[in-house]
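One structure is given here, and the rest of the page talks about it.
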């Protein structure tokens with residue numbers, strides 16, 4: 001049976017590297033998705049989760065076992081990503097055209113179990129670019145809120161805890177972020 | 001600026017889609033959405049926005065990328081641990097080397113301070129009238145004179161080397 005997070009945290013505190021590695025394997029990919037949502041750049045996302053896990057390891061003794069390890073880790077990941085975004089202000093990466101087509105093609109083929117229609121591939125690539133552009137137009141705080149809500153499915157209370165702001169702030173940021181995204185996605189909505 | 005003619009339920013669309021309303025609010029809103037084209041449209045768009053973001057923004061790193069990240073984390077943590085141990089060791093090494101000189105300097109300071117405070121009455125003329133002569137112990141090579149200072153309640157010894165011995 002898989003060991004609980006609390007047990008792995010306890011063992012990591014005793015200096016067991018393998019236990020900390022298991023925590024990384026358990027949550028690393030989710031942490032990466034959150035970080036990428038905020039940073040929109042794979043290299044930056046890698047740096048951010050690397051820093052987050054190092055930071056988490058060094059402050060493991062401060063983790064209160066009553067709460068969930070991932071909620072605690074979220075806060076570190078989100079803060080590290082926001083910090084990095086402010087520091088670098090790097091432009092989001094653009095996926096090479098061929099790679100974009102390949103990704104879209106793979107996705108559509110796997111979804112429909114058949115060869116994808118080229119017009120669908122183009123539309124898919126265009127949609128990905130539009131979403132990325134729309135995200136670029138948001139501040140890092142708005143990106144964080146929409147990522148935590150739409151990608152991670154966190155509740156308003158959990159987002160407010162992670163970002164250390166009020167629920168009212170979360171609601172207003174989410175309202176603004178959705179309104180902003182809507183202006184870009186108008187052409188893609190199905191009636 | 002928001003349109004003033006907008007439906008009063010408009011602001012509840014987000015919390016409704018996110019399932020953040022209370023049960024009674026949820027029921028009210030569900031009833032309202034059925035009858036309000038504007039809110040129905042907004043709920044639909046909010047749900048689709050979420051779906052489009054999830055479909056297009058979730059990026060899963062490859063296993064190789066994850067392995068590389070873990071290796072970097074592991075190296076960083078191992079190095080910093082070694083660094084701390086190394087730091088401790090290096091401090092101890094320097095302390096051992098310096099131990100002799102630290103001890104010598106400390107002894108010198110103690111002797112100097114002692115000399116200043118309890119300077120010999122004979123040489124410096126510090127022997128006050130209230131220094132009370134206690135006794136003199138004479139031997140072939142030296143004489144020991146013992147004084148007592150009433151203030152500090154301290155005994156001062158002075159050893160004279162007898163001229164005949166030198």
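Quick notes
- Taking the numbered list (1) more than 17 Å from residue A:163 (Cα to Cα); (2) crowded, with 20+ Cβ neighbours inside 10 Å; (3) more than 8 Å from every other protein chain (Cβ to nearest Cβ) in turn, residue A:73 passes all entries but (1).
- Here B:20, B:34, B:60 are screened, and the one residue that is part of a helix (DSSP H, G or I) and either at pLDDT 85 or above or surrounded by 11 or more Cβ atoms within 10 Å (Cβ to Cβ) (or both) is B:34.
- One residue from A:101, A:82, A:131, A:121 being crowded, with 17+ Cβ neighbours inside 10 Å and modelled with pLDDT under 55: A:101
- Test result for residue B:42, more than 52 Å from the chain's Cα centre (by Cα), touching a residue at least 24 places away in the same chain (Cβ under 8 Å) and in a helix (DSSP H, G or I): yes
- Of residues in the stretch A:54-63 being more than 15 Å from residue A:83 (Cβ to Cβ) and assigned to a helix (DSSP H, G or I), the one farthest from the other protein chains (Cβ to nearest Cβ): A:62
- Cβ-Cβ under 6 Å pairs, at least 6 apart or on other chains, the stretch A:19-43 side within 7 Å of chain B (Cβ to nearest Cβ), far side buried (at least 19 other Cβ atoms within 10 Å of the Cβ) and part of a helix (DSSP H, G or I): A:24/A:53; A:32/A:45; A:32/A:49; A:33/A:151; A:36/A:45; A:37/A:147; A:37/A:151; A:37/B:57
- Set side by side, the residues A:162, A:172, A:166 differ, and just one is crowded, with 22+ Cβ neighbours inside 10 Å and more than 9 Å from chain B (Cβ to nearest Cβ), which is A:162.
The values are calculated or read from the model by the stated rules, or taken from the named source; none is laboratory data. Note that the coordinates shown come from a computational prediction; the quantities given were computed from them, not determined experimentally. No Cβ is skipped: glycine too gets one built from the backbone with ideal geometry, and neighbour counts run over all protein chains shown.
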